[in-house]
Each structure stands twice: as C-alpha cells, then as structure tokens.
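The block underneath contains the structure these notes are about, expressed in structure tokens.
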Amino acid sequence: MRKAAAHPMFANYLAGRIAQLGIVLLLVSVAVFSIMHALPGDPVQLMLSGAESGSVTPERQEQLREEMGLNDPLYVQYGRFLRGAVTADLGTSVRLRAPVLDLILDRLGSTLALSLGGILFAVIIGVTTGVMAALKQGSWIDGFSRVLAYAGVSLPLFWLGLLLILVFAFWLPWFPPAGSEGLRSLVLPSLSLGLLSAGVIARLTRASLLEVLVEDYVRAAWAKGLPKRIVYLRHALRNAFLPVLTILGLQFGAMLAGAVVTETVFSRPGLGRLVVSAILWKDYPLVQGIVLFMATAYVLVNLLVDLLAAWLDPRIRDATPA
C-alpha cells in the first residue's frame with residue numbers, strides 16, 4: 001500500500017516539475033528572441049557589417065531581411081522562432097552560411113567533455129576535502145577547505161587557467177598548454193573549471209555531514225557497535241550527499257558559462273568559443289541558437305537532478321502540493 005501510494009506522489013511531483021520547466025523555457029525563448037530586437041539600430045545592418053566584410057548593398061540588406069522574415073510583425077516573428085525551436089530548426093548562420101543546429105552539434109562534444117571533466121574534478125576534490133574537513137574539524141584540512149571555497153568564488157577563471165598553464169605546461173611540462181588532441185589536453189581546462197566549483201561543494205559537504213553526524217540514527221548506529229566504515233558510508237555520507245547532489249545541477253550551469261572563458265584561454269573548439277565568435281561577428285541567429293540550446297540543457301540537467309533527489313529522498317516529493 002505504501003509503495004503504491006508513493007507512485008502517485010512521484011507522478012504529481014514529476015508533472016509539477018515538467019510544468020515549471022515549460023514555463024521557464026517559454027520565458028527563456030522570449031529573452032533569447034529579444035536579443036536581436038532590443039539592440040539599437042537596424043539588426044540587418046549590424047549583422048551584415050559584422051558577419052560579412054566589404055560594403056553592404058541595400059539589395060543585400062533587403063534580401064537578408066526577407067530571408068529572416070524581419071518585415072513581418074513581431075508576434076509573427078516570435079511564433080516562427082518558437083515553432084523553429086520546438087522543431088529543432090534554429091535558423092541559419094549569417095556568417096558561416098550553415099544551419100545553426102549543425103554548428104552546435106559539431107562543437108557540442110568538446111564542450112560536453114569539458115563540462116563533464118570539470119564536474120568530475122569538482123566532485124572528487126570537493127567531496128574528499130569536505131568529508132575530511134568534517135571528520136577533522138578544526139584541523140589544517142578544515143582551514144584548507146575554507147581557503148579553497150574562498151578561492152573558488154573569488155579567483156577569476158581566466159587567471160586560474162593562465163596560472164595552471166604556467167605551472168603545469170611550462171614549469172612542469174606535464175600537459176599541453178592548449179588544443180584538443182587527446183585526454184591530456186583536457187586535464188588543465190577541466191581542472192580550472194572544477195576548482196571553480198570544488199570549494200562550494202567542499203563547504204556544503206562539510207556542513208551537511210556535520211549536521212548528519214549528530215542525528216539520532218547515526219548515534220544509534222554507533223550504539224550498536226557498527227564499524228566506522230559502515231556508519232560513515234551507509235548512514236552518514238548517503239544522507240549528507242543529497243544537498244550536494246542538488247547543488248551539482250546548479251554547478252553545471254556554472255560549467256557551461258565557464259566554458260566560454262576556458263575554451264578561449266585553452267584554445268579549445270567548443271560552444272563557448274563559437275558563441276564568442278558569433279558575438280564578434282554580430283551573427284545573431286547563431287548567438288540566439290547557442291544561448292537557447294545552453295539554457296535548455298541547463299534546465300533539463302536541473303530537472304534530472306531534482307527528480308533524482310526526489311527519488312532518493314521521499315520527503316522532497318511528499319512536500320510537493322498535489
């Protein structure tokens with residue numbers, strides 16, 4: 001009976017989260033659509049001046065205006081943009097003369113590898129440091145986790161990337177300073193991204209574990225004479241990791257935003273460098289497509305993290321109004 005009752009609860013939670021997802025994506029589409037139309041001046045002149053070198057004739061301006069449907073009313077343009085987004089038609093790049101979705105998919109693998117590498121470093125360094133800081137409260141490792149957190153939120157990402165290149169590519173020639181050839185070229189950019197989030201994860205892990213260690217069920221486990229390994233791994237860490245899991249979804253957004261800087265510093269081909277180039281070229285269809293794609297990926301990852309947290313902790317889904 002209890003198991004059967006849990007399924008409608010989870011279905012209600014899932015339906016509510018999907019409804020919120022739809023509203024968020026709709027607002028994102030409005031914001032992304034407004035990028036081009038909020039700019040002062042004629043967007044066609046801006047795009048052609050940035051994306052195509054040489055003089056721009058009035059005939060070329062009118063041709064592009066017709067191709068993009070800019071002579072239509074705004075609500076018609078937005079409806080077309082929304083329909084294209086739903087059917088995976090993000091338009092054509094003015095500069096590269098190729099479908100925006102194809103350009104995104106061509107660079108997606110590199111950015112995905114960088115983001116996953118960053119998350120991996122952030123979890124390994126953050127969780128390990130946080131657990132040791134909680135178990136050795138007041139020790140030097142506890143102070144180190146605090147310094148790591150401050151450094152993670154205060155150091156500029158580009159400066160951290162340049163520092164890693166100086167130390168691990170020139171002083172200690174262990175890794176290549178730039179490029180995207182092989183796994184070794186992925187280490188330094190992933191580490192710079194991971195350090196950005198490791199401090200936050202370390203402090204959250206420490207605080208969550210300290211809170212769990214004084215719970216009654218952990219005291220009961222100690223009273224039963226269970227080994228340390230069982231108490232820490234099965235009773236303490238398992239429950240302490242839930243808040244960390246939630247913050248990982250938010251940190252994925254930081255990884256995508258950080259990829260714009262990291263890919264530029266380490267000369268890696270990816271969505272970050274592509275969006276920087278598109279902004280310099282004033283290629284607004286390409287900018288719109290990449291921003292919408294990244295925002296959708298960020299929202300979907302957070303949805304998956306929320307569903308996983310609700311599946312692991314029934315109190316989350318039970319707290320959702322039916």
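The values are calculated or read from the model by the stated rules, or taken from the named source; none is laboratory data. Because the structure is a prediction, the values reported are computed rather than measured. No Cβ is skipped: glycine too gets one built from the backbone with ideal geometry, and neighbour counts run over all protein chains shown. Surface areas here come from the heavy atoms of the whole protein model, side chains and all, with no ligands, DNA or RNA. Shrake-Rupley method; radii C 1.70, N 1.55, O 1.52, S 1.80 Å.
In table form, for the structure just shown:
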quantity	calculated
Yes/no for Val94 being surrounded by 21 or more Cβ atoms within 10 Å (Cβ to Cβ) and under 21 Å from the mean Cα position of the chain (by Cα)	no
The listed residue being modelled with pLDDT of 80 or more and within 17 Å of the chain's Cα centre (by Cα), out of Val218, Val301	Val301
Counted residues, region 133-163 - those being in a helix (DSSP H, G or I), out of contact with any Phe, Trp or Tyr (no Cβ under 9 Å at 6 or more places or on another chain) and open to solvent by 70 Å² or more (accessible area, probe 1.4 Å)	10
Which numbered condition Asn302 misses (of (1) more than 24 Å from Val153 (Cα to Cα); (2) touching a helix residue (DSSP H, G or I) at 6+ places or on another chain (Cβ under 8 Å))	(1)
Residue in region 243-262 that is in contact with a Ser or Thr (Cβ under 7 Å, 6 or more places away or on another chain), at pLDDT 85 or above and open to solvent by less than 20 Å² (accessible area, probe 1.4 Å) present	yes
Qualifying residues in region 164-212 (those that are assigned to a loop (DSSP other than H, G, I, E, B) and in contact (Cβ under 8 Å) with a residue 40 or more places away in the chain) - the one least open to solvent (accessible area, probe 1.4 Å)	Gly179
Region 224-242 residues that are under 16 Å from Ala207 (Cβ atoms) and open to solvent by less than 80 Å² (accessible area, probe 1.4 Å), paired with ones that are assigned to a loop (DSSP other than H, G, I, E, B) and not polar (S, T, N, Q) (beta carbon under 6 Å, 6 or more apart)	Leu242/Asp313
Residue ranges of helices (runs of 4 or more DSSP H) in region 41-132 with at least 1 members within 29 Å of Phe266 (Cα to Cα) and at pLDDT below 80	43-51
Scan of region 213-223 for residues that are of a type in the set (Val, Ile, Thr) and either surrounded by 21 or more Cβ atoms within 10 Å (Cβ to Cβ) or assigned to a helix (DSSP H, G or I) (or both), ordered by number	Val218
